[in-house]
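The values are calculated or read from the model by the stated rules, or taken from the named source; none is laboratory data. Predicted model, so just to flag it, every value in this text is computed and none were measured. Counting neighbours? That spans all protein chains shown, and the Cβs are built from the backbone with ideal geometry, glycine included.
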Amino acid sequence: MKFDRSFFASTNGRIAGAFAVAILLHVVGTLLIPGYSAPFAIRAILVLAALLAVASIGQTLVVILGGIDLSIPFVIGFANVVAAQLYGQGWNFVLVCAVVGVLAVLIGGLNGLISRGLNIHPLIVTLGIGMIVQGLVLLWTKGFPSGSAPPAVSAFVSIGGSVGPLPVPWLVPCVAVLTALIVLVLARTPYGRRLYALGSNPGAAPLALIDPVKMWVVTYAASAFFAATAGVLLLGFTGSAYGDVGQPYLFQTIAAVVVGGAALVGGRGSYLGTIAGVLVLTEINTLLIGLGFQPAAVQAALGLIIVLLVSLYGRERHVSTTI
Amino acid sequence: MIGSLIRNAGFALILLVVLLAGNLLLNPARFHPAAWGTLIGLAAPLIGAAAASAPVILAGRGGIDISVGPLMGFVNAIVIQALFLKAGISSPWIILPAALLVGAAVGAANGFMATVLRIQPIVATLGTYLILVGVTLTILPAPIGPAPVWLKAMAGPISILPLAAIFVFWWLVHQTPYYDQLMAVGSDDRAAYTAGVPVTKVRFIAYVMTGMLAAVAGLMLTALIGSADPNVGPTYTLIAIAAVALGGVSLAGGKGGLAGAAIGAIDIFLLQSLLTAFNVSTYVLQVAYGTILVAAVMLTAVQERLSARRAA
């Protein structure tokens, strides 16, 4: 039990550290940029962070499992374009969501099945499947996606929206509830236990009657499902379909997960940590753009900050301590 | 060496023969023997990028360098914008060492982060990726030309020279004890450490080699496009890693080599030519591309499983 306690203490330490960095960045922003803490600016930060948080759910789960999902940006683009296209053709939007969700689950399940079933590195599998998905979508739309977002989705994510007296759109409280659910699933359900067990020791977990292939299929399917959800939400956010809308999320989801204290070797990480990572990334982005940096410089600074943060608290063990 | 190449990259070799035959039949004009020099020039940057990606992957424990593509773009921008246009330097005796030095420095930075600071390689090199893309776009906001004459001349048949240099270099590495240490660390770093192999140093050197090879790939890219373009380099990153995997290099480390990676890259290049010969849209190209990539790694895995069963 002693090992267990120190394990959670260190994980909690990483999460607290990441939250502290996010708050620090916000204080710096408020001091340097007039209007940084204005209600509208905070609402914008919350909405952007909530969108990234949804896209990062799947990456968190697969990273705990010891994998990685590079198909997330492609699935986001797929959901974004297909939802707009079908809705534009007069489909009922609930039906559209169901079709997109089922297809996404199939894509993700295939990722997990090939990666684990044949023991191929998920980096290559998810990249290949992602390219196929993007190519098929481009073929179907001939490169010119049409259609638009239903007003309900737009209102759900609009920065100007409000929930009763709360001046934030429905997206923000919903993501808060979703966060609580995911944390609960990871900590209190057999699925969560199996996920950590398989991630920390892929050799021993099957001996505890955990079916690795099933876990990988389910987890990658969940990853694709949440990526598709993010794609539909982004459709509401931008108003029109765009196949490459997910591209920034490729590295941002990985960065959020890692800044939040997860180890890419598996078995370690938490969704609360990812939320902290998401807030850190959103704050850095907003801060640097607010300071008048060019997009290229923002990107360079983002890279530098990710490396600095991870070198502070995300270091791996030396090989001599693993013997 | 040949035996292990066939064992690891067997499927990629078969694919190579099939694709080459397909190209020769369907695309005789483009694949006329007289045009092979041009073709090698076209394929050279991708072969270089794949070869560059291989050493860190061979070093194992999640070793990967996703900054290879942006580093190629950075070298491209430095050589043309800073050295040739701003400083007026065109001598290969300055440009070549300068490019290799930039590559080695970036590789050393990656190696320091991944092995001494022990940041997960994909995160460390993601940081480098973002920094290099940002810096490249800052010093070179838009494409600019031209390239020095001698460098542009490297685009055609002569591009076999830098490629040969890469493989002579790797062959020399093969002759040193370092090679065995690298493979040992890649297959089982704990056992290697217990046996007294300096794991950190071996991995660090792998990152420096990757950086220098990426610089060579960047020069070949510069020769091919004959100018500087901030947007071309990063596109090589993921294709190069795909080529490495296709060529039988295990992403878990310790298995494969640069020859396999190069064959994987040639496969991808031939596949692109073949699909272009069919005059299909770029969308079909992308679907076929992804399908073949997934199918190839699946077949490799199945083949491995069968040969393992036969051995047992």
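Quick check on my filter: what residues within region B:17-68 are among the polar types (S, T, N, Q) and touching a Pro at 6+ places or on another chain (Cβ under 7 Å)?
Matches in region B:17-68: none.
Filter region B:117-134 for residues that are touching a Phe, Trp or Tyr at 6+ places or on another chain (Cβ under 9 Å) and either modelled with pLDDT of 95 or more or of a type in the set (D, E, K, R) (or both) and give the result.
B:Leu132
Failed condition for B:Tyr129, given (1) surrounded by fewer than 17 Cβ atoms within 10 Å (Cβ to Cβ); (2) within 30 Å of A:Pro248 (Cβ to Cβ); (3) of a type in the set (Phe, Trp, Tyr), with all others met?
(1)
Please go through (1) modelled with pLDDT of 95 or more; (2) more than 24 Å from B:Gln181 (Cα to Cα) for B:Ile268 and return the number of the only condition it doesn't satisfy.
(1)
Scan region A:287-322 for residues that are more than 9 Å from chain B (Cβ to nearest Cβ) and either aromatic (Phe, Trp, Tyr) or more than 21 Å from A:Thr30 (Cβ to Cβ) (or both) and jot them down.
A:Phe293, A:Leu312, A:Tyr313, A:Thr321
Out of the residues in region B:170-192 that are without any contact (Cβ under 8 Å) to a residue 12 or more places away in the chain and closer than 30 Å to B:Ile40 by Cα, state the one that is surrounded by the most Cβ atoms within 10 Å (Cβ to Cβ).
B:Tyr179
Between a residue in region A:232-260 that is more than 15 Å from A:Ser71 (Cβ to Cβ) and any residue that is assigned to a helix (DSSP H, G or I) and among the basic types (Lys, Arg), which pairs come within a Cβ distance under 8 Å, given they are 6 or more apart or on different chains?
That search, which allows pairs on different chains as well, returns A:Gly260/A:Arg14.
Condition first: in contact with an Asp or Glu (Cβ under 9 Å, 6 or more places away or on another chain) and either over 16 Å from B:Phe204 (Cα atoms) or away from chain A (no Cβ under 14 Å) (or both). Now tell me which residues in region B:30-70 satisfy that.
B:Ala52, B:Pro55
Could you count how many residues in region A:94-108 are among the β-branched types (Val, Ile, Thr) and touching a residue at least 40 places away in the same chain (Cβ under 8 Å)?
Qualifying residue count, region A:94-108: 3.
Would you tally the residues in region B:70-94 being surrounded by 15 or more Cβ atoms within 10 Å (Cβ to Cβ), assigned to a helix (DSSP H, G or I) and without any contact (Cβ under 8 Å) to a residue 24 or more places away in the chain?
1
If you take the residues in region B:280-301 that are more than 7 Å from every other protein chain (Cβ to nearest Cβ) and in a helix (DSSP H, G or I), which one is farthest from A:Leu113 (Cα to Cα)?
Of everything passing the filter in region B:280-301, B:Thr282 is farthest from A:Leu113 (Cα to Cα).
Give me a count of the residues in region B:32-65 that are crowded, with 24+ Cβ neighbours inside 10 Å and either of a type in the set (Val, Ile, Thr) or touching a Ser or Thr at 6+ places or on another chain (Cβ under 6 Å) (or both).
Summing the residues that are crowded, with 24+ Cβ neighbours inside 10 Å and either of a type in the set (Val, Ile, Thr) or touching a Ser or Thr at 6+ places or on another chain (Cβ under 6 Å) (or both) in region B:32-65 gives 8.
Inside region B:244-279, can you point out the residues that are facing chain A (nearest Cβ under 10 Å) and under 24 Å from B:Phe31 (Cβ atoms)?
Within region B:244-279, just B:Leu246 meets the criteria.
Only one of (1) over 23 Å from B:Gly256 (Cα atoms); (2) in a loop (DSSP other than H, G, I, E, B) is not met by B:Gly62, so which one is it?
(1)
Out of all the residues in region B:163-190, which are aliphatic (A, V, I, L, M) and farther than 15 Å from B:Met209 by Cβ?
The answer is B:Leu163, B:Ala164, B:Ala184.
Those residues that are at pLDDT 85 or above and touching a Phe, Trp or Tyr at 6+ places or on another chain (Cβ under 7 Å), I need them from region A:1-46; list them, please.
A:Gly29, A:Thr30
Of all residues in region A:228-262, count the ones that are under 19 Å from A:Leu281 (Cα atoms) and in a loop (DSSP other than H, G, I, E, B).
Residues meeting the conditions: 7.
What number of residues in region A:120-155 are more than 9 Å from chain B (Cβ to nearest Cβ), of a type outside the set (Ser, Thr, Tyr) and over 15 Å from A:Ala84 (Cβ atoms)?
Residues that pass the stated criteria total 2.
Go through B:Ala114, B:Ala82, B:Ala99 for me and flag whichever is of a type in the set (A, V, I, L, M, F, W, C) and under 17 Å from the mean Cα position of the chain (by Cα).
So the residue among B:Ala114, B:Ala82, B:Ala99 that is of a type in the set (A, V, I, L, M, F, W, C) and under 17 Å from the mean Cα position of the chain (by Cα) is B:Ala99.
Based on this model, can you work out whether A:Gly243 counts as more than 8 Å from chain B (Cβ to nearest Cβ), modelled with pLDDT under 90 and within 20 Å of A:Val175 (Cα to Cα)?
Against the criterion (more than 8 Å from chain B (Cβ to nearest Cβ), modelled with pLDDT under 90 and within 20 Å of A:Val175 (Cα to Cα)), A:Gly243 does not qualify.
Could you list, in sequence order, all residues of region A:205-227 that are part of a loop (DSSP other than H, G, I, E, B) and either at pLDDT below 90 or within 29 Å of A:Leu52 (Cβ to Cβ) (or both)?
Within region A:205-227, just A:Leu209 meets the criteria.
Which helices (runs of 4 or more DSSP H) sit wholly inside region B:157-212 and have at least 1 residues that are under 22 Å from the mean Cα position of the chain (by Cα)?
Here the list reads B:160-175, B:177-187.
Could you figure out which of (1) more than 8 Å from chain B (Cβ to nearest Cβ); (2) at pLDDT below 90 isn't true of A:Gly231?
Evaluating A:Gly231 over (1) more than 8 Å from chain B (Cβ to nearest Cβ); (2) at pLDDT below 90 leaves (2) as the failure.
If you go through region A:263-274 one residue at a time, how many are assigned to a loop (DSSP other than H, G, I, E, B) and on the phi < 0 side of the Ramachandran plot?
So the count comes out to 5.
Looking at (1) part of a helix (DSSP H, G or I); (2) more than 13 Å from chain B (Cβ to nearest Cβ), which one does A:Gly277 not meet, given that it meets all the others?
Every listed condition holds for A:Gly277 apart from (2).
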